[in-house]
Amino acid sequence: MLGETESETLTLGGIIKAGNKVLTSTGKVEMFGKPRFRMSRMLEVAQPGATEIKVDPTDLDWAVNDKIFIPPSTLNHTHSEYRTITAIDQGTITLDSPLDFYHYGTADSTGDTYNGIDIRNEVLLLTRNIVIRGEDRDGWPGHVLVTDFFESDGTMREGYMIADNVEFTYLSQKNVGRAAMRWEGAVGSENTVSTITNCAIHDGLDWGLSIKDSNNIEIKDTVFAGWRAIGVAIDKTRNVTFSGNFVGDVKARKIDFTGMTIDKESCVTIGGYGDPGKGTTNHDIKV
C-alpha cells in the first residue's frame, strides 16, 4: 500500500472514515497462503548473547530467512525479540543476531506443575508467502478496512474477508486509531462471515486489530505482535470468536496529553472503548 500522510482520504457512505493508504473490502476478499507451522516452544534456556535457540522440531517447516517472534519469559513485557533464521537443523535455530534477553525453555511441558499451563517460551513464525505490506514512508503505514457500503441505488454491499496463512505487516496509522486490520460497520449477515486463521499480523505504529460495530467474525490461531497502546480491541459487536491467538509486544504510544487524559493500554480490550450500555454479545473469547 502506497501513499503519504496528506494523500487523499476516503469516507464511505458518509459515515466510515476509511482514510488513505487503505485496502478496503466492501464485498468478499479471499487470500490463501501456503500452510505454515505457526508456533513452537523452547526446549532449552537461552541466555542473553546466545546466537542459537532450540525448539521442539515436531512438524516444524521453518527455513532460512524466515522471521520469528520471541516474546518475553519474564514479567518485563518489553523483552520481546525479533530475529531472522540463518540456519536450522531439526529444532536448533541459528539467529541473525545475539539475543538481548533471557528466555526460558525445558524439554518437557510444565503443565503438570502449573495447573495445565506450559510456561516454556513460545517462538512464533511471522513469515508467510502472501504479504500485505504498507509502504515505509514518512512514518505513515497503510491499513486494512472491512465494512458494509450502500450503493447509490440503495443496494447494500456486505464486506467480509477470508484470510488464511497471510502476513500483514507495517500497517496501522499512528495516533488516529486506525488499526492494522479494522472491521467497522461490517454488520453483514450470517452469509458473510469473516475468518482470519493462522495469519501473522505484526509491526505497526498504532493498534493491531479493531472490531467495532461489526458482526460474525472469527479470528483464530493468529499472532499479533509489535503494536502501540492496543493489540486487539473489540467493541459493540456480536458473534465474534477470538480463539487460540497470541498477542504480544504492545508498547505505549508517544502522545502528549493535557489535563487528566490517559491513553489506555492493553494487549486485548473488550468493550473498553464502546459507548455505555452498548457492549459485546454472543462471543467466544479465548486468547
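Collect residues whose amide H, placed 1.01 Å from N in the peptide plane, falls under 5 Å from the amide H of Thr241; neighbours closer than 5 in sequence don't count.
Ile217, Glu218, Ile219, Asp284
Please list 3J(HN,Hα) in residue order for region 153-162, calculated via the Karplus relation 6.51 cos²θ - 1.76 cosθ + 1.60 where θ = phi - 60°; whole Hz, with x for glycine and proline.
Once θ is set to phi - 60°, the couplings for region 153-162 become 8, x, 5, 9, 9, 9, x, 7, 9, 10 Hz.
Check Arg253: other-chain or 5+ apart residues with amide H under 5 Å from its amide H, H built from backbone geometry?
Excluding prolines and chain starts, which carry no amide H, the hits are Ala229.
Out of Leu209, Leu125, Leu75, any idea which swings most in a Gaussian network model of the chain, alpha carbons joined below 10 Å?
Leu75
Report ³J(HN,Hα) in whole Hz for each residue of region 165-182, in order, from the Karplus equation J = 6.51 cos²θ - 1.76 cosθ + 1.60 where θ = phi - 60°; Gly and Pro get x.
After applying 6.51 cos²θ - 1.76 cosθ + 1.60, I find 6, 10, 9, 10, 9, 6, 10, 5, 9, 4, 6, 10, x, 8, 5, 3, 10, 9 Hz.
In debye to the nearest 20, how big a dipole does the chain give about its Cα centre with +1 on each Lys and Arg Cβ and -1 on each Asp and Glu Cβ?
Its charge dipole is roughly 420 debye.
Which label marks the calculated value of semi-axes √(5λ) of the Cα gyration tensor in Å, given the options (i) 34, 20, 20; (ii) 28, 26, 17; (iii) 25, 24, 21?
Evaluating semi-axes √(5λ) of the Cα gyration tensor in Å on these atoms matches (i).
Could you work out which residue, out of Arg128, Arg38, Arg83, moves most in a Gaussian network model of the chain, that is, has the largest mean-square fluctuation with Cα springs under 10 Å?
Residue with maximal mean-square fluctuation among Arg128, Arg38, Arg83: Arg83.
Could you tell me which residue out of Thr222, Gly177, Val187 lies farthest along the dipole of region 160-271 toward its positive end? Charges go on the beta carbon: Lys and Arg +1, Asp and Glu -1, centred on the Cα centre.
Gly177
Scan the chain and report its longest stretch carrying no GluC sites (Glu not before Pro) that are both in a DSSP loop and have at most 16 other Cβ atoms within 10 Å.
9-134
In the Gaussian network model of the chain, springs joining C-alpha atoms below 10 Å, which of Gly49, Gly208, Gly27 carries the largest mean-square fluctuation?
Comparing Gly49, Gly208, Gly27 in a Gaussian network model of the chain, the most mobile one is Gly49.
Hey, can you grab everything whose amide H is under 5 Å from the amide H of Thr24? Only 5+ residues off in sequence or another chain; H modelled, so Pro and N-termini drop out.
Here Leu145 satisfy the definition.
About the Cα centre of region 37-127, how large is the charge dipole given +1 on each Lys and Arg Cβ and -1 on each Asp and Glu Cβ? Please answer in debye to the nearest 20.
Roughly 200 debye, rounded to the nearest 20.
With unit charges on the beta carbons (Lys and Arg positive, Asp and Glu negative) and the dipole taken about the Cα centre of region 37-127, which residue among Asn76, Val64, Ile53 sits farthest to the positive side?
In region 37-127, that residue is Asn76.
Would you mind checking the pairs Lys21/Lys220; Lys21/Lys212; Lys174/Lys236; Lys54/Lys264 and listing those with alpha carbons more than 29 angstrom apart?
Exceeds cut-off: Lys54/Lys264.
Would you please state which residues of region 40-60 a label at Asp112 would reach in this model, taking the label point 7 Å out along Cα→Cβ and a backbone N cut-off of under 20 Å?
Counting only backbone N, you get 41-45, 56.
Name the aspartates and glutamates eligible as straight-distance cross-link partners of Lys28: C-alpha to C-alpha under 17 Å, and not fewer than 8 places from it in the same chain.
Once the sequence-local aspartates and glutamates are set aside, what remains near Lys28 is Asp148, Glu151, Glu158, Asp164, Glu184, Glu190, Glu218.
What ³J(HN,Hα) values, in whole Hz, does the Karplus curve 6.51 cos²θ - 1.76 cosθ + 1.60 give for region 239-246 when θ = phi - 60°, with x put for Gly and Pro?
6, 10, 10, 10, 9, x, 8, 10
So which chymotrypsin sites (Phe, Trp or Tyr not before Pro) in region 37-132 end up in coil per DSSP with only 13 or fewer other C-beta atoms within 10 Å?
Those that pass, being in a loop and sparsely packed, are Phe37, Tyr114.
For a test of the definition: using alpha carbon positions, the gyration tensor, and the 1.5 limit on a/c, classify region 37-127 as rounded, prolate or oblate.
oblate
Just so you know, all these numbers are worked out from the coordinates, no wet-lab data involved. Just so it is clear, the structure is predicted and the values come from calculations on it, not from any experiment. Don't worry about glycine lacking a Cβ; one is built from the backbone with ideal geometry, like all the others, and counts go over all protein chains shown.
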